[in-house]
Amino acid sequence: MKRAITFLITLVLAVCSIPFSAHAQVVNDFIPNSNIEYTLDTKQGTLEIKGAGEIPDSFNSPFAHIADYVKIVTVCSGSTSIGKRLFRNCTAVERISIADTVNDIDVSAFDGCTSLKEIYVDVDNEMYSSFDGVLYTKNLSMLVRYPQAKASKSFEALKNTTTICKGSFGGVVYLKSITLSEETVNI
């Protein structure tokens, strides 16, 4: 009997010492009050947002329950807007890519994205563009959002950037100096 119990205890200890790896989980869901769905691959940290129409405003991000897993976001073609606070406090997000069909982005959409290093916009987008990972309007006349964790210590406004949106530099981590161009008249 002692031998059997000793064997079972040894077996349990041996099994418990085997390292287990977390399996990737794929999460599929819809954003409330929209025709937009999303897929998150937790192993890759990729969030793909797809569907047709507006991504509505929200009080808290619809991704709050999965925010720790989201590192790379792709807003696919078909989505037409990015509403208020969509990525609010998604602190693990490092990169966001925006499709050609997005024609309205609320400046508060990226509030609290403390790891955000880059925002990219599809070159065929008619309303927005990105330059060096910074979000602008298409003609670069308005700076919409500077990524909070962009590694640069200084920023120099583009010559034709006339407007800096309210909150564009909110929460930036590394930036120490901002140089405006003579054309920058609205802040």
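Points to keep in mind about this one:
- Residues located in region 42-83, provided they are open to solvent by 30 Å² or more (accessible area, probe 1.4 Å) and in a helix (DSSP H, G or I): A64, H65, D68, Y69
- Residue list for region 136-178, restricted to those being under 22 Å from R95 (Cβ atoms), of a type in the set (A, V, I, L, M, F, W, C) and part of a strand (DSSP E or B): M142, L143, V144, F155
- Members of region 153-166 that are more than 13 Å from T184 (Cα to Cα) and crowded, with 17+ Cβ neighbours inside 10 Å: F155
- Selected residue (criterion: farthest from the chain's Cα centre (by Cα)) from residues of region 90-111 that are closer than 19 Å to K166 by Cβ and open to solvent by 30 Å² or more (accessible area, probe 1.4 Å): D104
- Of all the listed residues (N139, N125), the sole one being surrounded by 13 or more Cβ atoms within 10 Å (Cβ to Cβ) and over 23 Å from A67 (Cβ atoms) is N125.
Residues checked against (1) under 29 Å from F30 (Cα atoms); (2) open to solvent by less than 10 Å² (accessible area, probe 1.4 Å); (3) touching a Gly at 6+ places or on another chain (Cβ under 6 Å):
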residue: C113; (1), (2), (3): yes, yes, no
residue: Y120; (1), (2), (3): yes, no, no
residue: Y146; (1), (2), (3): yes, yes, no
residue: N186; (1), (2), (3): no, no, no
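- Subset of region 91-132 [part of a loop (DSSP other than H, G, I, E, B), at pLDDT 95 or above and among the hydroxyl-bearing types (S, T, Y)]: T91, T101, T114, S115
- Filter result for N28 (in a loop (DSSP other than H, G, I, E, B), of a type in the set (S, T, N, Q), open to solvent by 60 Å² or more (accessible area, probe 1.4 Å) and modelled with pLDDT under 95): no
The values are calculated or read from the model by the stated rules, or taken from the named source; none is laboratory data. None of these values were measured; they are calculated from a predicted model. Every residue, glycine as well, gets a Cβ built from its backbone with ideal geometry; the counts of neighbours run over all protein chains shown. Please note that ligands, DNA and RNA were not included when accessible areas were found on the heavy atoms of the full protein model with its side chains. Shrake-Rupley method; radii C 1.70, N 1.55, O 1.52, S 1.80 Å.
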